[in-house]
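Student: Supplied in structure tokens, the structure appears directly below.
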Amino acid sequence: MATLTPPICLEVVFRDTTISGDDPSGANFYRVNMRITAQSFSPNSTYTGANIAVGMFTSNTNVGMIWRISHIFSQSATAAYLQLEDISGLNARIDPTGGSGGNPPDTPSSG
């Protein structure tokens, strides 16, 4: 994975979140469609969806939940179809609503 300086931090919105069939327990992997807003970080540089890579982390909540990108099915500058992993079920344990089970919400939370 390439090292990006400064580290990538993109505004994203998850849509169409589903449990992935890649985890036998069905609990820790999720597939999402991600909408991405480009972010400038210097006078002549911009991060887009084309910069994301397997192993990076992403979130669309402000309550501490985060997911690792485990597979990229498709990506462009403004969108990506990804598989995300809830590492060790941490998101399920800290979910303030008590009801998400660790999955990424379809819209940003206001928690």
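The values are calculated or read from the model by the stated rules, or taken from the named source; none is laboratory data. Keep in mind the model is a prediction, meaning the values are calculated, not measured. No Cβ is skipped: glycine too gets one built from the backbone with ideal geometry, and neighbour counts run over all protein chains shown.
Student: Determine, yes or no, whether residue 78 is at pLDDT 80 or above and over 10 Å from the mean Cα position of the chain (by Cα).
Tutor: Yes: the conditions hold for residue 78.
Student: Restricting attention to region 43-78, which residues are in a strand (DSSP E or B) and either of a type outside the set (Phe, Trp, Tyr) or more than 15 Å from residue 17 (Cβ to Cβ) (or both)?
Tutor: 45, 46, 47, 57, 58, 68, 69, 70, 71, 72, 74, 75
Student: Right, something else. Every residue in region 31-75 that is modelled with pLDDT under 85, under 11 Å from the mean Cα position of the chain (by Cα) and of a type in the set (Ser, Thr, Tyr), please.
Tutor: Across region 31-75, the qualifying residues are 59, 61.
Student: Still on this structure, please answer the following. Would you confirm whether any residue within region 79-92 is in a loop (DSSP other than H, G, I, E, B), of a type in the set (S, T, N, Q) and crowded, with 19+ Cβ neighbours inside 10 Å?
Tutor: No, the conditions are met nowhere in region 79-92.
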